[in-house]
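Take a look at the structure below.
The values are calculated or read from the model by the stated rules, or taken from the named source; none is laboratory data. Quantities reported herein were computed from a predicted structural model and do not represent experimental measurements. Don't worry about glycine lacking a Cβ; one is built from the backbone with ideal geometry, like all the others, and counts go over all protein chains shown. Each accessible area value is taken on the protein alone, full model and side chains, heavy atoms only, with ligands, DNA and RNA left out. Shrake-Rupley method; radii C 1.70, N 1.55, O 1.52, S 1.80 Å.
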Amino acid sequence: RDARSSLVGSEMCIRDRVSGDIVIDEGSFSRVDLGAVNGELVFHAELRKDGRLAAETVNGDVDLELAGDVSARIDISTFNGRIRNCFGPEAKRTSKYAPGWSLNFTEGGGNGRIDISTMNGGVNLCRD
């Protein structure tokens, strides 16, 4: 069963989900912590100024569409999955012999922090 939420105002923590998608499809958050073993992580909402977002999956994609102004230091890594970034900078291979990709950049003033990690899954990072 999937977890779906729409909240305004605060913190969201859904961690250690074994199976099923986690979907945050609207709202405004200062802290978000999402984690799943088998499932997609979807965050289509606003990360407030100085906000923190962490998303980690073992087998599943991460899809972030950020609403509003984005100001964050962004670090993304995948072992076996591609990174699509609508903010501009392109992902780089972590090794010429391994399938991993990484992307590290600052958007806006870099007031917040976004950390994304997948083992077997891609990452999509765009503006809403």
The answer for chymotrypsin sites (Phe, Trp or Tyr not before Pro) in segment 66-127 that fall in a DSSP coil and have at most 11 neighbouring Cβ atoms within 10 Å is Tyr97
Rh (Kirkwood, all Cα-Cα pairs) for segment 31-92, Å, reads 12.7
If each K or R counts +1 and each D or E counts -1, the residues other than Thr94 whose Cβ falls under 13 Å of its Cβ total +3
For the chain, dividing by residue count, accessible area per residue (probe 1.4 Å) in Å² works out to 52
On the accessible surface of the chain, probed at 1.4 Å with all protein chains in place, carbon and sulfur together account for a percent value of 43
Packing-ranked peptide list from 38-45, 119-126, 13-20, 61-68, highest mean Cβ count within 10 angstrom first, is 38-45, 61-68, 119-126, 13-20
Given unit charges at Cβ for Lys, Arg (+) and Asp, Glu (-), the dipole magnitude of the chain about its Cα centre in debye, nearest 20, is 440
The Kirkwood hydrodynamic radius of the chain, taken as the inverse of the mean 1/r over all distinct Cα pairs, in Å, comes to 14.3
With R₀ set to 35 angstrom, the calculated FRET efficiency between the beta-carbons of Glu26 and Ser95, to the nearest 0.05, is 0.35
